[in-house]
Amino acid sequence: MKDIVSQFAMQLTLAEKRELVAELKGAIAEELASRASGPADPSRCPRCGSPSLVRKGRDRDGGQRWLCRGCARTFSARTRGLLASSKLPASAWMSFAECMADALPLRETAARVGVSLYTAWFMRMRVCEVVALRTPDCRPGTFHVDGTLVMGSLKGNLGRSGLLRLPRPRHRNGRDGRRASRGRSREWVVVECGVNELGDCFCDICGRGSAGAGELSAELAARIPGGSAVVTDGHKSYGFAARGYRHSEVDPRDPSAGDINMVNALHSRLKAFLRRFNGVSTRRLQRYLDWFRYAETFKGGGMDRRERLFMHEAEGRYWKTRRFTHFECGDAMVYWTRQIADMSTVV
């Protein structure tokens, strides 16, 4: 078979070979997308989230449809599907999965996929949401937990969203931002990270400047399973946050007291990942953290990471609409909204 294919390929020109490769990739994408299926029996409505559902007929392809008693609308297993609700072919999403698996910049991604820069950005936002829902929860184990700081960024077209206006002059470059933020803890975003010996990890925004014990308690309870052991440094907030776990502390100044090298290595990989994008907007930061966590979770295994990401795209569901994506404002942006409110009060 290999010899026959080689002899056939030798008779083609370079343009014909490229066209053949594109046709084959498109056929593979369609085949993989057809294998993906939604949940056989959904537990809630994809529009309003209501769990009160009843069966209501079938669609033209023979798939089961459901009626939501909460919003009185019908849906199928393809509703809110990433590929099912897109006008782009499956081959375009497969090419995008290859670019996203390699963490390529948006302009290069748009050129490879053949879409506009805005479309490539919106595709990235959708895939980040899908992979966040596809990433499994952490398994019990011994977690090394520590926070790291990411410099806040107000990049992006804030005027188009109509959500924010800058309460300070724009920074001309990253160096100006670092110089201006010295001694001002609100310019930095706290990202709480944890990882266990199985490789399960979490990375979540946890306030500005320095996280309080209440924020850390909620973060640990949401991410770390009960019965796990938690190892932290000597920061006083972890003493309150780690209640309910087998908590132990290590002194970074005492080599004999142990270490938290697993989470320190995770911090290094996270900073290297974010550095590829030349700064991430603060209100989009959690999406990139979910992307990084997905890459860390599925970095092993025998399946190709590009094909795995495309399969998760084909099977994935999203919840946030396009309008919500433009107007979203995470908890890390509360500081700036308060500043704007104070400015409007003074005026």
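The values are calculated or read from the model by the stated rules, or taken from the named source; none is laboratory data. Because the structure is a prediction, the values reported are computed rather than measured. Reconstructed Cβ throughout: ideal geometry from the backbone, glycine too, with neighbour counts over all protein chains shown. Only protein heavy atoms, including side chains, enter the accessible area calculation; ligands, DNA and RNA are left aside. Shrake-Rupley method; radii C 1.70, N 1.55, O 1.52, S 1.80 Å.
Odds and ends about this structure:
- Pairs over the 29 Å Cα-Cα cut-off, from the set Lys25/Lys271; Lys56/Lys320; Lys56/Lys299; Lys25/Lys155: Lys25/Lys271; Lys56/Lys299; Lys25/Lys155.
- In Å², nearest 10: area of Leu309 left accessible to a 1.4 Å probe: 10 Å²
- At the residue level, Phe240 shows approximately 120 square angstrom of accessible surface with a 1.4 angstrom probe and all protein chains present.
- Residue order by solvent-accessible surface for Cys329, Cys206 is Cys329, Cys206, largest first, with ligands and nucleic acids left out and a 1.4 Å probe.
- At the residue level, Tyr288 shows approximately 20 square angstrom of accessible surface with a 1.4 angstrom probe and all protein chains present.
- The residues Arg283, Arg276, sorted by heavy-atom accessible surface at 1.4 Å with ligands and nucleic acids left out, run Arg276, Arg283 from largest to smallest.
- With all protein chains in place and ligands, DNA and RNA left out, the 1.4 Å accessible area ranks Arg246, Arg139 as Arg246, Arg139, largest first.
- Segments 111-122, 296-307 sorted - mean Cβ within 10 Å per residue, highest first: 111-122, 296-307
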